[in-house]
Amino acid sequence: MFNIANARFAFLDIETTGLSPWFGDRICQIAVVLTEGKRIKGTVDLLINPERTLSPSAVHVNHLDGSKLSAAPKFAEITEQLDPLLKDAVIVCHNAKFDIQFLDNEYRKLDRTIEFPNLIDTLLMSRQFYELPSYSLKHLAQDFSVTTNLGGSQALADALTMKNLFFAMTDSLKAIGKSLDDFIGIYNSPAWPQEGVYLPTELSEAIYSGKRLFIKYMDKDGETSERWVTPKEVIGLADYIYLQAHCHTRAAERTFRLDRIIEFKVENGKE
């Protein structure tokens, strides 16, 4: 049985060039916060050359500089630094299926597989034990009153927020007799084959909310437009993942490439 007071945790956050490794998107930043229990033992924030350009949505989310990324080491060059951070640690992610599919993909390119015998997903954990309007990291942090203004890169700030959120949740769940072992799952590559499309939490919640969305969309020529849409379904076409929706601006069915939606807001909901 794990003792949460002295267990070794690795809080992991990944930034990517887009939404799907199956369509060639890659990791461009990895942040890891190492703790022994609640005590931070170290932080690592790695820029990675993804060997491809960032999508419009990624630029909006992670604010990374393409020129800095092109000068950064490739994933193969950082594995010797990354491997010992994750070895023998309880890996904690938020929306683990989204992040780990990218990590798995990078290791596969090196003819390697990954195995995390102790993996915790704070998204699944929060959905299982709490009824809340949103389970995005940002909104959970607000609900649990944990610190989010932590400086540094977006990836490192998210990893630190995740750490604070995780311990806030575990503290609150002690009252119902939940221990660390109750939250741990196993990941063995490739435990998650292409059984579905994994999306960032806020985008997924917005699409499946049943409400209209206000979106800012950048087309292939770099032109932006704003419109209200009613989502129908997410579909994979030959080149990428698309949102099929009714566009109220055009009063017609349209498809929108998901990595070109640079801003979105749910009608009468949280951004």
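Any read-out appearing in this document is the output of simple, stated calculations on the displayed coordinates, not a laboratory observation. Quick caveat, the model's predicted, so the values are computed rather than measured. No Cβ is skipped: glycine too gets one built from the backbone with ideal geometry, and neighbour counts run over all protein chains shown.
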Exercise. Quick one: if you stick a label point 7 Å off each Cα along the C-beta vector at LYS68 and GLU80, how many nm between them?
Worked result: 2.5
Exercise. Given 25 °C and 0.890 mPa s, how large is the Stokes-Einstein diffusion coefficient of segment 80-232 in µm²/s, with Rh as the Kirkwood radius over Cα pairs?
Worked result: 138
Problem set entry | Added length on full extension, which subtracts the Cα-Cα distance from 0.36 nm per residue, LYS211 to ASP88 | 40.0 nm
Problem set entry | Bridge type composition, the chain - antiparallel percent by DSSP, nearest 5 | 85
Exercise. Rounded to two decimals, what ratio of Rg to Rh does segment 5-49 give with C-alpha atoms and a Kirkwood Rh?
Worked result: 1.15
Exercise. Where a ≥ b ≥ c are the square roots of the eigenvalues of the C-alpha gyration tensor, would you call segment 53-104 rounded, which needs a/c under 1.5, or, failing that, prolate if a/b is larger than b/c, or oblate?
Worked result: oblate
Exercise. Which whole-percent values make up P(r) of segment 48-160 when all C-alpha to C-alpha distances are grouped in 10 Å steps starting at zero?
Worked result: 11, 36, 38, 15, 1
Seminar exercise, completed: Over its alpha-carbon atoms, segment 203-266 yields an Rg and a Dmax in Å of 10.8, 30
Seminar exercise, completed: Once amide hydrogens are built 1.01 Å from N within the peptide plane, the residues lying 5 or more places from HIS248 or on another chain with amide H under 5 Å from its amide H are TRP228, VAL229, THR230
Exercise. Count the lysine pairs in segment 29-116 that are 8 or more places apart or on different chains: how many have C-alpha atoms under 21 angstrom apart?
Worked result: 7
Exercise. If you take the Cα atoms of segment 144-231, find Rg, then find the Kirkwood Rh from the mean of 1/r over all pairs, what is Rg/Rh?
Worked result: 1.08
Seminar exercise, completed: the chain: spread of alpha-carbon positions along the three principal axes, whole Å, largest first, is 57, 43, 35
Exercise. Looking only at ILE241, ILE78, ILE27, which one moves most when the chain is put into a Gaussian network model with springs between Cα atoms under 10 Å?
Worked result: ILE78
Seminar exercise, completed: Cα extents of segment 145-190 per principal axis, largest first, Å, are 35, 34, 9
Problem set entry | Sequence-distant residues sharing a close amide H with ASP25 (under 5 Å, placed H) | SER20
For this session: Measure out, as a whole number of angstrom, how far apart the alpha-carbon centroids of segment 8-41 and segment 63-127 sit.
Result: 5
